[in-house]
1. Looking only at the range 1-23, filter to residues that are outside any helix (DSSP H, G or I) and free of Cβ contacts under 8 Å to residues at least 12 places away in the same chain; which one of those is surrounded by the most Cβ atoms within 10 Å (Cβ to Cβ)?
2. Checking the condition modelled with pLDDT of 80 or more and either in the same structural domain as A147 (by TED's automatic domain parsing) or surrounded by fewer than 13 Cβ atoms within 10 Å (Cβ to Cβ) (or both), which residue from S261, S254, S223 passes?
3. Using the structure shown, decide if A26 is surrounded by 14 or more Cβ atoms within 10 Å (Cβ to Cβ), part of a helix (DSSP H, G or I), at pLDDT 70 or above and in the same structural domain as G156 (by TED's automatic domain parsing).
4. Select from the range 184-207 the residues that are without any contact (Cβ under 8 Å) to a residue 60 or more places away in the chain and of a type in the set (A, V, I, L, M) and list them in ascending order.
5. Looking only at residues that are outside any helix (DSSP H, G or I) and either under 16 Å from the mean Cα position of the chain (by Cα) or surrounded by 19 or more Cβ atoms within 10 Å (Cβ to Cβ) (or both) in the range 165-197, which one is modelled with the highest pLDDT?
6. How many residues does the range 215-244 contain that are in contact (Cβ under 8 Å) with a residue 12 or more places away in the chain, over 14 Å from H282 (Cα atoms) and either hydroxyl-bearing (S, T, Y) or in a helix (DSSP H, G or I) (or both)?
7. Before we move on, is A53 surrounded by fewer than 12 Cβ atoms within 10 Å (Cβ to Cβ), over 15 Å from D6 (Cβ atoms) and at pLDDT 80 or above?
8. List the number of the failed condition for N283; all other conditions in (1) modelled with pLDDT of 80 or more; (2) out of contact with any Lys or Arg (no Cβ under 9 Å at 6 or more places or on another chain); (3) within 30 Å of S172 (Cβ to Cβ) hold.
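The values are calculated or read from the model by the stated rules, or taken from the named source; none is laboratory data. These numbers come from a predicted model, not from an experiment. No Cβ is skipped: glycine too gets one built from the backbone with ideal geometry, and neighbour counts run over all protein chains shown.
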Amino acid sequence: MTCRSDVAELLPLYAAGTLGEDERRAVATHLAACADCRAELALWQQVGGAVVAEDRALRAPSPALVEGALLRARRRSLAEHLAGLQRPVGWPPVTRAWALLGAQVPLVRREIWPASALVMAIGCVVAILQGGSQAGFFIQALAPLVAAAGLAMIYGPENDPSLELALATPTSPRQVLLARLVVVFGYDLALGLMATAGLVTVVPPALLGSVVLGWLAPMAFLSALALVLSMVIGTGNAVTVAFMLWLGRAMVPSLHLSAASAPSPSEAALAAALQAYAGLWHNPALLFTLAAALMAAAIGLAGRQERLVAM
């Protein structure tokens, strides 16, 4: 190129179409009178065309590749975060426990929070519209189901793709399980209390305590059972079994009444079993005891995973 004009330095930008309006007109005017710059512009246009063609020939990364990279990044971040909880050994136990709870909130399946709140809100609205002595029935029926579904989804590889990596960090799987249990059960407990408080317009305040007692013990037992079952037979099966057990209690009275006036020994045994099953749900002390035993079993199962990782 023999042209010494300053306009020649703008030819790459002119070919790329990135010049401003005034500069573009100045270059166009110069090109009309300069054959050397026209030849140089043709060269830059060929280069630009080759770059565009090569770029179009490149295949875009597949969604699976992008998702895999994001998952690996999340796992690295999780490992660093959980390992970091162990480093500040000078932290008070309460401070560290609070940090562990906060670390587990974003790892719990996100649909649990809005779904639980929506179901309880609908139950509260229906109860208020129903009114009368049966208003608290809807809250008593829904609260255990919501908690059971939530706790069945807090632990295990199918609920947390990063759990295997979390088990390899210094944070104990038992601590992870307890933290998630406290977070999700506490959330469901708060939803149940708020829904019960919402009945104050249709239920005398003195009776709200009995409404709470009607769902609190079954909620503790059913959610603990769902948690243990999810660790043994999977989340879907655990939720199904828990729901069937809870809904089946409403069928017991009708089954019992349909028994013959002179039942056979097997029918009498079945009627007694059904009566005991119905009585279970009205025995808060027994339900809380069973819930505590099931929680201990869940912690034991988590401890077994911890030993497997250590091996």
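1. Only one residue fits best here, namely L19.
2. S223
3. no
4. Across the range 184-207, the qualifying residues are L189, A190, L193, A197, V200, A206.
5. T171
6. Residues flagged as in contact (Cβ under 8 Å) with a residue 12 or more places away in the chain, over 14 Å from H282 (Cα atoms) and either hydroxyl-bearing (S, T, Y) or in a helix (DSSP H, G or I) (or both) within the range 215-244 amount to 16.
7. no
8. The one condition N283 does not meet is (3).
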